[in-house]
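Here the structure is laid out as structure tokens; the discussion comes afterwards.
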Amino acid sequence: NQYETTSDIMPTKKIDAVVIGAGLGGMYALQRLRGMNLSVIGIESGGDVGGVWYWNRYPGARCDLMSIDYCYSFSKEIEEEWSWTEQYAAQPEILAYLNFVADKLDLRKDFNFNTRVVSAKYNEARKTWIVTTDKGDFYEAKYCVMATGPLSVPKDPEFPGTEDFEGEIIFAGKWPHKKVNFEGKRVGVVGTGSTGIQIVPVVAEEAQELVVFQRTPSFTLPMRNMELDDEYLSEVRRNYEGLRDAARNSPLGGMRPRTTRPFFSLPRKQREDIMEDAWKRGGLSFLGAFSDLLTNPEANEQVAEFVRNKISQVVENPDTAERLKPQGYPIFARRACLDTNYYETFNKSHVRLADCLTDPIEGLTKNGVKTRNREYDLDVLICATGYDGLTGAMLAFDVEGKDGRKLKDKWENGARSYMGMVIEGFPNMFMICGANGPAALANIFTINEQNVDWFCDCISHMHRNNYSAFECTESAENEWMSNVASLAEKTLISKAKTWYVGANIDGKPKGLTLYTDGFQNYRAFCSKVAEDGYTGITFE
Ligand code: N01
């Protein structure tokens, strides 16, 4: 009996489902499961709802997907009552939106905040998950939903000497809940991914000196953010259903112009005009400009070179401009960043670029950052050094499936799953935005809603048929993984050293653990699985 082996503690609560995480996936999962008359408890380590938007309060934090896309579509009422103020919403507005949704649906009453899951173990005899927390809670649930997020575990601080540094170290992903004052301060930012690129121009406005420690330069495109007016918002509201439908049937899960024209099918002049236009329009316009940017290396290189030339046009110091230019990997293979005045910031006399490719960081000293060749005296060091993406949060606690099999052992050589949602050997468990799904390559709201709707349908199917457990088969998982791998071969996305391929974490298995064939095809596959009676899934 389960309870004898776990001392004499009895479950504090028996429930139908436990949802781990109160980010935008966990919030929707809790709402949907409650709506099916299931008893649900949510567990969240943060103090409130919001997930990444709860933690990432760094200056300049903003979503690089359009706000009209980057929100829930399941409730007409929410759609009608909420109005976005900007094309690309800033973190405070996104968090306010998520709080608005939480209030509206009264979600908080079923979430335990400031509580961390310690273990989730499947009990085969009872066909339930036993979930324990650092508060000593002990839940027994039929279903375990991992809404743990693809980017919720910051990469460990890796510089020796952090304890010697007498200034302040701040991690972008764990930003203090109060305004940090940079006035009169010498500030360093390590990391030039999406996060660093958003922080740099804003901190440069305030800091006395700013040093940007760049190892791999990123391609960044102008965001060209703007305020949304009432006329535009009314138009969107009138067409919302159609727009949402288009988003669900698009590769990025968002409204984006698409084209079927390959780069070299057009004469040179026309290609150049299209690139100029994409640069002027900003955002991810390039992705909708040519159909083969992610598959044809020559086409990709032409666009990359166009962007490099723009860097030279903006950055006045030719040496800095050269160092800011990404080389040696395709544009869009790392996540394309969208910025506001990033390159322009390097024209300010108090902003310096420290090139860590030629002069790597060796560690921290009492006074600041020591690179191989020199020392930078700093008052504050901001680490925008990234995340243990896709698998970090799932492996941050003890997950044990059938036969006492640990997830960390199953994933020793890389994450495996079926559709990025279910895992062989881990019955009655669902992941939202899990590894080997389209997470990171499409709008996370669209993926979340699709994932949650899919597994709620699966649960309804179980209840209709009086099943008590489901599991995906080894062969379905193997087939899915082969499909993910062969699709990855066809795109340039696997050709850069990024968190997408686990390259940013020492010792992490390498390889692209993302589905790269577009959200619409992913969704169609998952729907077909359900329509065909849940192929690849066994029920008992
Ligand atoms: O992290 P990253 P991020 N010395 O891993 C550098 C999402 N996001 O937080 O590439 C020097 O991309 C590292 O250098 P290198 C989005 O999906 C979305 O910026 O390893 N540098 C790199 O430059 C994104 O992809 C939004 O050579 C070191 C940087 O740190 C994901 O989050 C906004 C170093 C890490 O870049 C992650 O982005 C922000 C070292 N020792 C983020 N170690 C939206 O708008 C690391 N680096 C929705």
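What follows is calculated from the coordinates using simple rules that are stated; it is not laboratory data. Keep in mind the model is a prediction, meaning the values are calculated, not measured. For neighbour counting, all protein chains shown are included, and Cβ atoms are generated from backbone atoms with ideal geometry for every residue, glycine included.
Run through all the Cα pairs of the range 348-412 and give the fraction in each 10 Å bin from 0, expressed as whole percent.
16, 30, 17, 20, 13, 3, 0
Distance check, please: which entries in Lys127/Lys528; Lys135/Lys174; Lys310/Lys510; Lys174/Lys280; Lys14/Lys410; Lys76/Lys402 exceed 31 angstrom between their Cα atoms?
Flagged as over cut-off: Lys310/Lys510; Lys174/Lys280; Lys76/Lys402.
Hey, could you get me the Stokes-Einstein D for the range 1-145, Kirkwood radius over alpha-carbon pairs, 10 °C and 1.306 mPa s, rounded to whole µm² s⁻¹?
Roughly 96 µm²/s, to the nearest whole number.
Kirkwood Rh over alpha-carbon pairs of the range 418-461, then Stokes-Einstein at 37 °C and 0.692 mPa s: what D in µm² s⁻¹, rounded to an integer? Mind showing how you got there, number by number?
Values: Rh = 10.7 Å.
The estimated diffusion coefficient comes to 308 µm²/s.
Report the FRET efficiency, 1/(1 + (r/R0)^6), for Lys406 and Thr358, where r is their Cβ-Cβ distance and R0 is 60 Å, rounded to 0.05.
According to the calculation, E is roughly 0.90.
I want the antiparallel fraction of DSSP beta bridges within the chain, as a percent rounded to 5.
Values: 25 of 67 bridges.
Roughly 35 percent of the DSSP beta bridges within the chain come out antiparallel.
For a distance above 39 Å, tell me the whole-number percent of Cα pairs in the chain that qualify. Provide the component values of the computation, followed by the final result.
Numbers: 39163 of 145530 pairs.
Roughly 27 percent, once rounded to a whole number.
Which of the aspartates and glutamates could be linked to Lys490 by a straight reach, that is with a Cα gap under 19 Å, when you skip same-chain ones fewer than 8 residues away?
In chain and number order, the partners are Asp292, Glu298, Glu301, Glu479, Asp517.
For Glu86, what residues show an amide H to amide H distance below 5 Å, using hydrogens built from the backbone and excluding near sequence neighbours?
It is Leu228, by chain and number.
Quick one: Debye curve from the alpha-carbon atoms of the range 163-234 only, equal weights, vacuum; give me log10 I(q)/I(0) at q = 0.15, 0.17, 0.20 Å⁻¹ to two decimals.
Debye intensities relative to I(0), on a log10 scale: -0.65, -0.78, -0.97.
Amide H neighbours of Phe171 under 5 Å, counting only residues 5+ apart in sequence or on other chains, H built in-plane at 1.01 Å?
Sorted by chain and number, the residues that satisfy this are Cys383.
Please report the orientation-averaged projected area of the range 383-442, defined via the convex hull of its C-alpha atoms, in nm². Walk me through the numbers on the way to the answer.
Numbers: hull surface 19.3 nm².
Orientation-averaged projected area of the Cα hull: 4.8 nm².
Output needed for the range 256-310: three equivalent-ellipsoid semi-axes, defined as square roots of 5 times the C-alpha gyration tensor eigenvalues, in descending order, whole Å. Intermediate values should be presented prior to the final figure.
Details: eigenvalues 41, 36, 25 Å².
Equivalent ellipsoid semi-axes, largest first: 14, 13, 11 Å.
What angle do you read, to the nearest 10 degrees and between 0 and 90, between the alpha-carbon axis of helix 91-104 and the longest principal axis of the chain?
For 91-104 against the chain, the angle is about 20 degrees.
For the range 6-79 and the range 404-432, write down the distance between their C-alpha centroids in whole Å.
Measuring centre to centre over Cα atoms gives 21 Å.
Viscosity 1.306 mPa s, temperature 10 °C: Stokes-Einstein D of the range 273-353 from its Kirkwood Cα radius, in µm² per second?
Answer, rounded: 117 µm²/s.
Among Tyr143, Leu98, Gln87, pick out the residue whose Cα is farthest towards the positive end of the charge dipole of the range 26-149, where Lys and Arg carry +1 and Asp and Glu carry -1 on C-beta, about the Cα centre.
It is Tyr143, whose Cα lies furthest towards the positive end.
Order of 466-478, 206-218 by packing, highest average Cβ count within 10 Å first?
On the way: 466-478: 16.6, 206-218: 21.0.
So the peptides 466-478, 206-218, ranked by packing, come out 206-218, 466-478.
Using the crude model of +1 on Lys and Arg Cβ and -1 on Asp and Glu Cβ, and no other charge, please compute the dipole size for the range 1-123 relative to its Cα centre, in debye to 20.
So the dipole magnitude of the range 1-123 works out to roughly 420 debye.
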